[in-house]
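A short reminder: the numbers here are calculations on the coordinates, not readings from a lab. Just so you know, these numbers come straight off a predicted model, no measurement behind them. For neighbour counting, all protein chains shown are included, and Cβ atoms are generated from backbone atoms with ideal geometry for every residue, glycine included.
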């Protein structure tokens, strides 16, 4: 992995487009990771 990454986005298509463009410029880069952040909320039941 080269260490480059796309900007943070809420749209899946934005990340996918970044991957396709990056791969087009770097054909030897054929493995990518997706990083997802999901907010979790908890509360105490009394």
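Based on what the data block shows, is residue 22 over 12 Å from the mean Cα position of the chain (by Cα) and loosely packed, with under 10 Cβ neighbours inside 10 Å? For residue 22, the condition - over 12 Å from the mean Cα position of the chain (by Cα) and loosely packed, with under 10 Cβ neighbours inside 10 Å - is not met. When residue 13 is tested against the conditions (1) surrounded by 10 or more Cβ atoms within 10 Å (Cβ to Cβ); (2) not in a loop (DSSP other than H, G, I, E, B), the lone failure is (1). Evaluating residue 7 against the criteria (1) over 9 Å from the mean Cα position of the chain (by Cα); (2) loosely packed, with under 10 Cβ neighbours inside 10 Å leaves one unmet condition, (1).
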